[in-house]
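This report concerns only the one structure given below.
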């Protein structure tokens, strides 16, 4: 019998299963002109977990408000460019240490991924790494992590104390706390292997 009551594990993707958070952040700066870097940084500070579909228009607006040159900046084009840059970066990013073992162990219960990566892109990235087969489901943007947790609690008919969210962002913590669920913070390479109730542990 498990030493913890968790029946459902909900994992973030970037920065949690894959060491790609920095890559995706840098991609915002790469697709904008260098002169807009301050505006890009300000928006990311306010909304570090925001979807590209929301933060890129906000970055253009921020640059305009700062009096920067925004002529030729088109949100749909920048979103598309960001998508290409981010996908290439994430595909080449290393998995977090013991990610395979953690997902394998969690799949004995019920494992899901909830990410702000667009839904179709998320499916592709998970499939590329052979992780889709270990999951009961994966939810990308426009699904919100909060809504995903609510849906999974209802689907499995479990108490909030039986679901744990694993992630590195404020949106992950908020989705857990708003629904009364446990939260395991990913703060570095050692963190994923220490997810409670999976018996992975060990040195990484």
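Of all residues in segment 147-164, none satisfies being in contact with a helix residue (DSSP H, G or I) (Cβ under 9 Å, 6 or more places away or on another chain) and under 22 Å from residue 93 (Cβ atoms).
Per the conditions (1) within 26 Å of residue 192 (Cα to Cα); (2) crowded, with 19+ Cβ neighbours inside 10 Å; (3) at pLDDT 95 or above, the sole criterion not satisfied by residue 90 is (3). Among residues of segment 171-189 that are within 12 Å of residue 144 (Cβ to Cβ), those with a Cβ under 6 angstrom from a residue that is assigned to a loop (DSSP other than H, G, I, E, B) and at pLDDT 95 or above, sequence gap 6+ or separate chain, pair up as 172/12.
The values are calculated or read from the model by the stated rules, or taken from the named source; none is laboratory data. Please read these numbers as outputs of a predicted model, since none were measured by experiment. Neighbour counts run over all protein chains shown; Cβ positions are idealised from the backbone, glycine included.
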